Amino acid sequence: MAAEPDIRAELRRLRARVPQLTGALAAGVDGLVLAHDTPGVEAESVAALTSTALGVAVRMADATGQGDFRELLVRGVYGYVATYAAGKSAVLTVLAQDRVNVGRLHLEARRAGVRIGELVDAGPPAPTGTAAPPRSRNTRRQTTGRPGRPPGDPGPHSQHRQNPQITDNEEIQPWPTPKPR
């Protein structure tokens, strides 16, 4: 992976900004490690557990109508494990001592998650001349649905509607996130 050194550098910067962190790793949503700075912890096991916890968190947010996954915080007797969304296909998991300032942890880890997401989502540069054309209204991506639902069914709590503001010549913009009730 071309972005691995950059991701690892971001993890080290995060650990420097929050000294009570005992480890940090970036993983794909599939549970594979992208980069890690986790001395004394088996990164592959933590990444696999992160993927499992992410699945539960995503389903919980969906079932309760809370929207897309943003973060997950687990507090144990000896500290915290926090997982943050990092772009479309990755997550950032951090391990922290019990004396960490949780507000500072959230602030810094959210920022790092955004930067890691940008690195992961950017991927390798496309070969010259083969870039995909911008999507128009007529080339909307097929959704895959969730387990137990037919493809294209966003679920009972979805607030997605047809967007009347898009004309045939405009690019599709992401749906706005619904405001909390």
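The values are calculated or read from the model by the stated rules, or taken from the named source; none is laboratory data. If you're wondering where the values come from, they're calculated on a predicted model, not measured in any experiment. In this analysis, Cβ positions are derived from the backbone assuming ideal geometry, glycine residues included, and neighbour counts consider all displayed protein chains. Areas reflect the complete protein model, heavy atoms only, side chains present, ligands, DNA and RNA absent. Shrake-Rupley method; radii C 1.70, N 1.55, O 1.52, S 1.80 Å.
Any number yet on Rg/Rh for segment 24-63, C-alpha, Kirkwood? Kindly include the intermediate steps, with their values, before the conclusion.
Values: Rg = 11.0 Å, Rh = 10.4 Å.
Looking at segment 24-63, the ratio lands at 1.05.
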Quiz item: Which value in nm describes the separation of the simple spin-label points at L107 and R70, placed 7 Å from the Cα toward the beta carbon?
Solution: 1.7
Quiz item: How many times 2.2 N^0.38 Å is the alpha carbon radius of gyration of segment 45-86?
Solution: 1.19
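Probe of 1.4 angstrom, ligands and nucleic acids ignored: what's the accessible area per residue over segment 1-131, in square angstrom?
On the way: 7330 Å² over 131 residues.
I get 56 Å² per residue for segment 1-131.
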Exercise. On a C-alpha basis, how far is the centre of segment 1-75 from the centre of segment 76-119 in Å? Whole number, if you could?
Key: 7
Self-check item: Accessible-area order (highest first, 1.4 angstrom probe) of the listed residues R12, R75, R110
Solution: R75, R12, R110
Quiz item: If Lys and Arg each add +1 and Asp and Glu each add -1, what is the summed charge of the other residues whose beta carbon sits under 14 Å from the beta carbon of S89?
Solution: -3
Quiz item: Tell me, in nm to one decimal, what length is gained between D98 and A9 on full extension, where the rule is 0.36 nm per residue of separation less the Cα-Cα distance?
Solution: 29.6 nm
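Provide the net charge surrounding A48, with neighbours chosen by a C-beta distance below 15 Å and charges set as Lys +1, Arg +1, Asp -1, Glu -1. Numbers along the way, then the final one.
Working: positive: none; negative: D30, E42, E44.
Its environment carries a net charge of -3.
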Quiz prompt | segment 62-106 pair-distance distribution - Cα-Cα, 10 Å bins, rounded % | solution = 25, 47, 26, 3
Practice problem: Report the residues of segment 32-46 in range of a label on E118: point 7 Å along Cα→C-beta, backbone N strictly under 19 Å from it. | Solution: 35
